[in-house]
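The values are calculated or read from the model by the stated rules, or taken from the named source; none is laboratory data. Source: prediction; values computed, not measured. Counting neighbours? That spans all protein chains shown, and the Cβs are built from the backbone with ideal geometry, glycine included.
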Amino acid sequence: MSNSTRTQVREPFMHITKRTDVKLWQSWGARIIAIILALVVNGFFIDSVTGLNPVDVYKIMWTGTFESTYNFMTTLRDVAMLLCISLALAPAFKMRFWNIGAEGQVLMGALLSAVVMIYLGGKIPSSSLFIIMFIVSCAAGALWAAIPAYFRAKWKTNETLFTLMMNYVAIDIVDVCTNTWRGSKSSMGQINAHTKAGWFPKVLGYRFTISILIVLALAIIIELYLNHSKHGYELSVLGESEDTARYAGINVQKVIVRTMLMSGAICGIAGFITVAGTDMTVSSATARGFGFTAIIVTWLAGLKTPYMFGMSFLLIFLEKGASQISSAYSSLNDYSTQVITGIILFFILGSEFFVKYKLVRRKKETAKKGGDSK
Amino acid sequence: MESQNEKRVPAVSMRNITKTFGSVVANDHVGLDIYRGEILALLGENGSGKTTLMNMLSGLYYPDEGQIFIDGSEVSIPNPRVALGMGIGMVHQHFKLVDVLTATENIVLGLKDKGRLDLDAAAVKIRKICTDYGFDIDPHRKIYDMSVSEKQTVEIIKVLYRGADILILDEPTAVLTPQETTRLFDIIRNMKSDGKAIIIITHKLQEVMHVSDRVAVLRKGAYIGDLVTKNTSIQEMTDMMVGHKVNLNIDRPDPVSPSPRIVVKDLTVTDKDGLVKLDHVSFTANSGEILGIAGISGSGQKELLEAIAGLQTVDSGSIEYIEDNGSHDQLIGKDPLAISNLGVSLSFVPEDRLGMGLVGNMDITDNMMLRSFRNGKTVFTDRKAPRKLAGHVVKKLGVVTPDLSTPVRKLSGGNVQKILVGREIASTPTVLLSAYAVRGLDINSAYLIYDLMNQQKEAGVSIVYVGEDLDVLLALCDRIVVLCGGSCNGILDARTTTKEEVGLRMTTKKEPASVGGSDE
Amino acid sequence: MMTLIAWINRAIWFGTVIMFGSTGEIITERSGNLNLGVPGIMFLGGFASFAGAYYYENSTPDPSSAVIILIALICGILASTFGGLIYSFLTITLRANQNVTGLALTIFGSGIANFFGVQVLNGGTSVKAAFTHTVFSKPVPFLSKLGVFGDIFFSYGFMVYLAIILAVLTHLVISRTRIGLNLRAVGENPATADSVGISVSKYKYLATCIGASVTGLGGVYYVLDYGYGTWSSSSSIEGLGWLAVALVIFARWKPRNIIWGAYVFGIFFWFYNYAPALLNLTWPNTIVILTQMIPYVITILVLIYVSAKQKKDSLGPAALGLSYYREER
């Protein structure tokens, strides 16, 4: 046959098929390779921009975090906060509800903690103060999450966009409150600086030890909740298919609202422990963008608690490390953490593809033979 | 005709086409020729690979192996655009239309005409096609405002508008009324006289007889052979479609002291598009018997079962459950949980096994507890009993699986169905609803399912069996409710009725009417 | 009167930033890609244009207006398209989750911009590209002198008008052209688009990258005109980026609604600064700031309304947020 038809025989070089079974070493292998590649790319970045030896930079990041107890403890403190929010998101993500509003839910929790500290601090015993702070923070976060959940359940209102918008409403509310409280001062300062009412007591030398313990307990609870409770089972079914959920007699709307109440409440707890254990005050920056970072953590950890801890630790380690290197090298600054984090996230996100799919080369022989025989 | 074909170069020639999805071989070295000026019926049961084969011709899938020739030259069809360029147009069973666009916009979508986008000119051209062929459609209506048959009209016009000369219609009559079917067939004949090659994917034999020139048969992904329609018979085609001549030999014990269990009265259901899915359907399902539901696909079977199971919103009518002590419970307005809280043990094997009956990503144990996970007083799930049940089902029904923690989506269709049926039977139901319980199953698995149904029947369970294979319905059931276009078109005694009677009632309402496929 | 004009001016400056952002995001979202990297892309575009213009301005004693515009726009567009390309590659080719990728892009974009920003700042808190700012804020000749009328309509730099032109152009392309029709189909129902021979990946890539470049212009305008040509480490680009995402919803994915919607958002955002004096309000200042949340609240109400009414044309592209895999089964 003529050459003109041969030119028509144009086959895709490769095509993509879904992997039917993924072995553990494959999925972890892909992720570890991704992180190593990201570190290499980051190394080139550091080297080309600053001329520093990336290995030295990584070394300082490492020693900076692990050599001093204080650095290590503050690392743990931040890991706890990030993990706490990630834990909050896991049940929502499990039922395929995109809660992008953790930032706002944390802020509302923090704000209400501060309100209780300001208005009840010193007036009631500290144990009841903590209990009220805890409950009110939970309620505030839960409310903030339940509003979008209600509309999603009722009218399928897009929850990604709704929860995203709720963040900024929360930020504004917090700004208004702090502006009112600070009066003419430039910042609010610490709440109850003299009485220390509503401040976690120091345990092992740090106030945030209690925060860490609370998150540890939450991690265990969420792990059990997701994998061993009836509610957790309902979430898994709902996340897979709404039809199956209805078939199994699961009240879809109820589960959506109930789960988001819980998700928001845990975000509220994150706000509470930040106010009572770390900041002793509130501002619109209290959540530190962790509400967004946690989304990435939870998703990339595949909603598994131990991996969420790992991801949280990695990201906080990078952040802490970056501040270490910025004080060690004048040519690097705090923001390098965001660059390094971004690149690592891109690589991990990309690696998921190679876990889920495989590239298959076309078998060419049969097609060739046919073309010649004509 | 046959000798004529041998001389001509086929418009399309597919050779050794193989396509696999995971471990499922959808097409196994299939070869097929289609000529111009010919209507070819591509016949096969559900899951025989008809649609997959045509999707490869229309560029939607890419074959793993094999060759395709258009007018004698080998081609590669990496995507639908290339297929369209070669004059291949496909009307899919699930409409490929964009809801928020108008008919015209959908029809011109993807065209690479020169100049600016002139929708008015396109609408004029569409109106011309409409008058030529007798379609009735408003080019400026949005798709989401259209009925199902209007949407199909848009799909067909889309292909005509593009001047395709090789047309593939995937089960085009499934959503049409008999009158609409007749009209469609007239159009198809016109296209044939224009010298187009037309392929109709179908499993309705009467339509094949009525409209096609030649029929090619697929079975389980393999090409069986082709026949000239006028030289063949429904019997011969059936034999090719199902393989050997079917002597089913299914046991049918006599009903055990049947008494009314589910009483359905005047059940009416309309879907969200306002289409009547069930129209005043009434029947009674007795305990200790198997009640068959026959009907061409989409006649309301799904809605009927889901209405009984509490998964379907009902417009009017009543569904009563009658307990052994004679008390009545109204099931309408209750969800599955409320029904089970009434003490009604109702099992349901839905058509969509992995989309409704089971969770594909969960393992066998976790799927066992889908309907029973609420058992126990604590907030925690008990996995011991489900694991035991899983082991039991796997052993008793011979499920082939590496272990109990394998996600069920990795299992073959037959094994998936065994797990589903096994679970539903394990809850000692008083009513067992099943939809296409043996679809896609190998013969041994199918017989196992029949046996299980019979065991349940002998245990006094009221079984509602929705099936598509008439031989099975006639051999297995005690009585058969025939659905036709959403209404009950007779309740027949399966022991005395004939296949012809059931087939006729499936396609022809009791009132005399001219029906597309029934006039031979 | 002066306060009112000042308010309107401020609203239009502000609106222009998010008009670019939203126009770009609409182009992107119409292809079915929900890119939450808008703030990151605006950071990239804004910083790159600033850096380019700043170095050029300081490298020659006699900078030319035309060259500076060219440098600023090209740098801004290249950097933001780069952001769009990362997002496209990850979500389209590698099918990564769109929400997560977008958020990572926001982290990365603001990181890159601020990291290099610190180098530019060289220890200070802000640097100004003064000449660039004059070029970018130069009002329309003659027309801006027409008293109040001129003040309200013609006292702005050229990018204010560019934003309107781009929004109108986007509207025309989406609603009147074959490309726009194909793009809408890709975002609504990629399988259908695919079946009629539209290359889904190509459209998604192009829409996302072009969308990102338009979004990036928002960053360019933010730094070079709205922000008086200064780069500082504490900028509110991120907040404006999210507001641009909100505006897309408020405009119900229709570019023509963006043109007025952006200015309405601007009016509300700056309400706290001008309204009390203008309307003789005696509310405490802290309360007035609450009005800054109005754009978000209205957006939420719009979102609820269209979903409750099931207005299919206003719910956004049906396949928004989903990646497309042809052989999914």
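Overview of results
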item: Filter result (polar (S, T, N, Q) and over 28 Å from A:Phe151 (Cα atoms)) within region A:70-105; result: A:Asn71, A:Thr74, A:Thr75
item: Residue within region C:254-273 that is small (Gly, Ala, Ser) and at the interface with another protein chain (Cβ under 8 Å from one of its Cβ atoms) present; result: no
item: Number of the condition not met by B:Gly115 [criteria: (1) part of a loop (DSSP other than H, G, I, E, B); (2) surrounded by fewer than 21 Cβ atoms within 10 Å (Cβ to Cβ); (3) in contact with a helix residue (DSSP H, G or I) (Cβ under 9 Å, 6 or more places away or on another chain); (4) within 14 Å of another protein chain (Cβ to nearest Cβ)]; result: (3)
item: Residue in region C:80-102 that is among the hydroxyl-bearing types (Ser, Thr, Tyr), farther than 18 Å from C:Ser213 by Cα and either touching a Phe, Trp or Tyr at 6+ places or on another chain (Cβ under 9 Å) or more than 9 Å from every other protein chain (Cβ to nearest Cβ) (or both) present; result: yes
item: Total residues in region A:203-253, condition aromatic (Phe, Trp, Tyr) and at pLDDT 90 or above; result: 3
item: Given (1) over 21 Å from A:Trp299 (Cα atoms); (2) away from chain B (no Cβ under 11 Å); (3) of a type in the set (S, T, N, Q), index of the condition A:Asn167 fails; result: (1)
item: Candidates A:Val136, A:Val203, filtered to the one that is farther than 30 Å from C:Ile249 by Cα and crowded, with 19+ Cβ neighbours inside 10 Å; result: A:Val136
item: Some residue of region B:223-238 being surrounded by 22 or more Cβ atoms within 10 Å (Cβ to Cβ) and in a helix (DSSP H, G or I); result: no
item: Test set (1) within 14 Å of another protein chain (Cβ to nearest Cβ); (2) closer than 17 Å to A:Ser284 by Cβ - A:Ile118 fails condition number; result: (1)
item: Residue identified as of a type outside the set (Asp, Glu), modelled with pLDDT of 90 or more and closer than 24 Å to A:Glu352 by Cβ among C:Ser49, C:Ser88; result: C:Ser88
item: Selection count where residues are closer than 20 Å to A:Val252 by Cβ and within 9 Å of chain A (Cβ to nearest Cβ), scope region B:362-376; result: 7
item: Any hit, region A:254-271, residues being at pLDDT 90 or above and either basic (Lys, Arg) or part of a loop (DSSP other than H, G, I, E, B) (or both); result: yes
item: Pick from region B:67-98, criterion outside any loop (DSSP other than H, G, I, E, B) and more than 22 Å from B:Arg8 (Cβ to Cβ), ranking: farthest from the other protein chains (Cβ to nearest Cβ); result: B:Val91
item: Boolean, C:Gly157 is of a type outside the set (A, V, I, L, M), within 22 Å of B:Ala83 (Cα to Cα) and surrounded by fewer than 24 Cβ atoms within 10 Å (Cβ to Cβ); result: no
item: Output for region B:99-110, where each listed residue is more than 26 Å from the chain's Cα centre (by Cα) and in a loop (DSSP other than H, G, I, E, B); result: B:Val100, B:Leu101, B:Leu109, B:Gly110
item: Subset of region C:220-241 [part of a helix (DSSP H, G or I), in contact with a Leu (Cβ under 7 Å, 6 or more places away or on another chain) and of a type outside the set (A, V, I, L, M)]; result: C:Tyr222
item: Residue match in region B:377-392 (condition: within 10 Å of chain A (Cβ to nearest Cβ), aliphatic (A, V, I, L, M) and either in a helix (DSSP H, G or I) or surrounded by 17 or more Cβ atoms within 10 Å (Cβ to Cβ) (or both)); result: no
item: Qualifying residue in region B:227-247 (condition: at positive phi, small (Gly, Ala, Ser) and within 26 Å of the chain's Cα centre (by Cα)); result: yes
item: Members of region A:223-274 that are within 10 Å of chain B (Cβ to nearest Cβ), closer than 19 Å to A:Cys138 by Cβ and out of contact with any strand residue (DSSP E or B) (no Cβ under 7 Å at 6 or more places or on another chain); result: A:Leu224, A:Tyr225, A:His231
item: Selection within region B:482-520 - modelled with pLDDT under 85 and charged (D, E, K, R); result: B:Lys499, B:Glu500, B:Glu501, B:Arg505, B:Lys509, B:Lys510, B:Glu511, B:Asp519, B:Glu520
item: Output for region B:337-361, where each listed residue is of a type in the set (A, V, I, L, M) and facing chain A (nearest Cβ under 7 Å); result: B:Leu337, B:Met356, B:Val359
item: Condition check for A:Thr281: buried (at least 24 other Cβ atoms within 10 Å of the Cβ) and either modelled with pLDDT of 90 or more or over 25 Å from B:Phe373 (Cβ atoms) (or both); result: no
item: Residue match in region B:453-463 (condition: surrounded by fewer than 19 Cβ atoms within 10 Å (Cβ to Cβ) and at pLDDT below 90); result: no
item: Lone qualifier among B:Ala216, B:Ala164 - being among the small types (Gly, Ala, Ser), more than 14 Å from chain C (Cβ to nearest Cβ) and touching a residue at least 60 places away in the same chain (Cβ under 8 Å); result: B:Ala216
item: Set C:Ala53, C:Ala11, C:Ala6: member being of a type outside the set (D, E, K, R) and surrounded by 24 or more Cβ atoms within 10 Å (Cβ to Cβ); result: C:Ala53
item: Number of the exception - C:Gly316 against (1) surrounded by fewer than 20 Cβ atoms within 10 Å (Cβ to Cβ); (2) in a loop (DSSP other than H, G, I, E, B); result: (1)
item: Filter result (of a type in the set (Val, Ile, Thr) and at the interface with another protein chain (Cβ under 7 Å from one of its Cβ atoms)) within region C:288-329; result: C:Ile289, C:Val297, C:Thr299, C:Ile300, C:Ile304
item: Within region B:9-42, tally of residues that are closer than 15 Å to B:Ile201 by Cα and among the β-branched types (Val, Ile, Thr); result: 2
item: Qualifying position, being away from chain C (no Cβ under 12 Å), under 17 Å from the mean Cα position of the chain (by Cα), within 25 Å of B:Ala174 (Cα to Cα) and of a type in the set (A, V, I, L, M), among B:Leu42, B:Leu57; result: B:Leu42
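Okay, residues lined up against (1) buried (at least 24 other Cβ atoms within 10 Å of the Cβ); (2) at pLDDT 90 or above; (3) touching a His at 6+ places or on another chain (Cβ under 6 Å):
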{"residue": "B:Gly59", "(1), (2), (3)": "yes, no, no"}
{"residue": "B:Gln67", "(1), (2), (3)": "no, yes, no"}
{"residue": "B:Asn79", "(1), (2), (3)": "no, no, no"}
{"residue": "B:Ala83", "(1), (2), (3)": "yes, no, no"}
{"residue": "B:Gly87", "(1), (2), (3)": "no, no, no"}
{"residue": "B:Gln93", "(1), (2), (3)": "no, no, no"}
{"residue": "B:Leu101", "(1), (2), (3)": "no, yes, no"}
